[in-house]
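I have placed the structure first, in the form of structure tokens, so that the comments after it can refer back to it.
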Amino acid sequence: MALLPPDPLFILRSDMGLIHNIEFVFDGFSTSHLLAANEEGYIYLWDLKTNRSTRKEKLGASIQAIHYVPPYLISQEKSGAIKLWHMEMTANCTLLKEYMSDGAYCRSIVINNTLIVPQVNSQVEAINLQTFEKIRMYTPLLASPSEKLGYTMALEKVEIGAAVYVLAGYETGDLILWNFLTGEQKVRALFKEHIMSIAFDSVTGKGVCGNSSNLLQVFTIDKDFKIKLKCEILLSSEGCSVVKLRQDRKILACGGWDGRLRLFSWRSLRPLVVLRQHKNAITDVIFSPKIVPEWDCRLMCASGGEGLISLWNLYNQ
């Protein structure tokens, strides 16, 4: 007899509506708070000791991504506005600087105190987190002036050897890898169109793309910068909003448009469980960087389009 899927530890409920992004408030040592950003431009601060929201603050409109880099908070809006805030736990955020990127849904990422953002004409840009000034641009090498890659859809940090790289996925299904420091394009490969999310394991050189189809595409990048499709994982329905690897490289999480949260063994790619707590599309999945004292485990948190955040303790033994 098949085992029933486990229940979540807790469900965070409020008036959040469509949540785009969640982020642990981590000071380098511990975390007891969680941030959520929503379609209406609000951030919510959740206390994981009480499982209650302690703050609701309007920071813009349709916030697609947030990053907590103590003592700063960075918000990225659908319009392309990037804002740097000074954040205290007991006071409202103070706006320090603003910057414009390309609008849409691609989430920015942070690499070595640098913010990586999508820009116009399928370019990607690096911004200094302290000055909010441009450091360099990553420009795709195209076959002809008429070639179009469409929107940048996903960004991911990649490490090969001792060097750091930026990996971008596009509407067309193209993957492009640049050297983080020089901006030199190293390789380009074509996968399924409408890439939605990328996760990469720099230890094994293996990554995965989620897209609008019912296939997860697992690939490798070797030390000679060759990208190869390793295999494909068939899903029961189309659309994967987010793929995330747990920090210990044991678990792959896939958040679907169907509201299903699917977990796989990253080593064998064997399916482990399908979680059905959310009714609308999964919009984000994160793993706590350390054990959350209040739950005595490394939490997995998932947000959904219905405005709920689920907390889980799975496969931590």
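Where a number appears in this text, it was derived from the coordinates with a stated rule and is not lab data. Every value quoted in this text rests on a predicted model; they were computed, and no experiment measured them. Glycine also receives a Cβ, built like all others from the backbone with ideal geometry; neighbour counts cover every protein chain displayed.
Binning the C-alpha pair distances of the stretch 183-311 at 5 Å intervals from 0 yields a P(r) profile of 2, 10, 20, 22, 19, 13, 8, 4, 1, 0 %, listed from the shortest bin outward.
Gyration tensor over the Cα atoms of the stretch 219-274: the corresponding equivalent ellipsoid has semi-axes (square roots of 5 times the eigenvalues, largest first) of 22, 14, 10 Å.
Descending by average beta-carbon neighbour count within 10 Å, the peptides 202-208, 52-58 line up as 202-208, 52-58, the highest first. In a GNM of the chain with a 10 Å cut-off on Cα contacts, which of Glu232, Glu171, Glu125 has the highest mean-square fluctuation? Of the options given, Glu232 has the highest mean-square fluctuation. Once Rh for the stretch 131-256 is found with the Kirkwood sum over Cα pairs, what is the Stokes-Einstein diffusion coefficient at 4 °C and 1.567 mPa s, in µm²/s? Rounded, D is 86 µm²/s.
For the pair Asp15 and Tyr72, the difference between a 0.36 nm per residue extended length and the Cα-Cα distance amounts to 18.0 nm.
Pulled fully out, how much extra length does the chain show between Asn128 and Glu88, if you take 0.36 nm times their separation in residues and subtract their Cα-Cα distance?
Working: separation 40, 0.36 × 40 = 14.40 nm, distance 2.15 nm.
That pair, Asn128 and Glu88, stretches by 12.3 nm at full extension.
Past 19 Å, Cα to Cα: identify those pairs from Lys78/Lys148; Lys192/Lys250; Lys157/Lys226; Lys56/Lys244, in the order given.
The pairs that break the limit, which is 19 Å between Cα atoms, are Lys78/Lys148; Lys192/Lys250; Lys56/Lys244.
Rounded to the nearest whole angstrom, the semi-axes of the ellipsoid equivalent to the stretch 53-199, taken from the Cα gyration tensor as √(5λ), stand at 28, 16, 13, largest first.
The alpha-carbon atoms of the stretch 3-112, seen along their principal axes, cover 47, 29, 28 angstrom, with the largest extent given first. Here the spin labels are modelled as points 7 Å beyond Cα on the Cα-Cβ line, and at Phe26 and Leu272 they lie 1.7 nm apart.
Enter the Cα centre distance for the pair the stretch 174-194 and the stretch 211-282, rounded to the nearest angstrom. Comparing the Cα centres of the stretch 174-194 and the stretch 211-282, I get a distance of 20 Å.
When the Debye formula is applied to the Cα atoms of the chain, each taken as the same point scatterer, what base-10 log of I(q)/I(0) results at q = 0.07, 0.11, 0.16 Å⁻¹? Log-scaled intensity ratios, in q order: -0.26, -0.66, -1.48.
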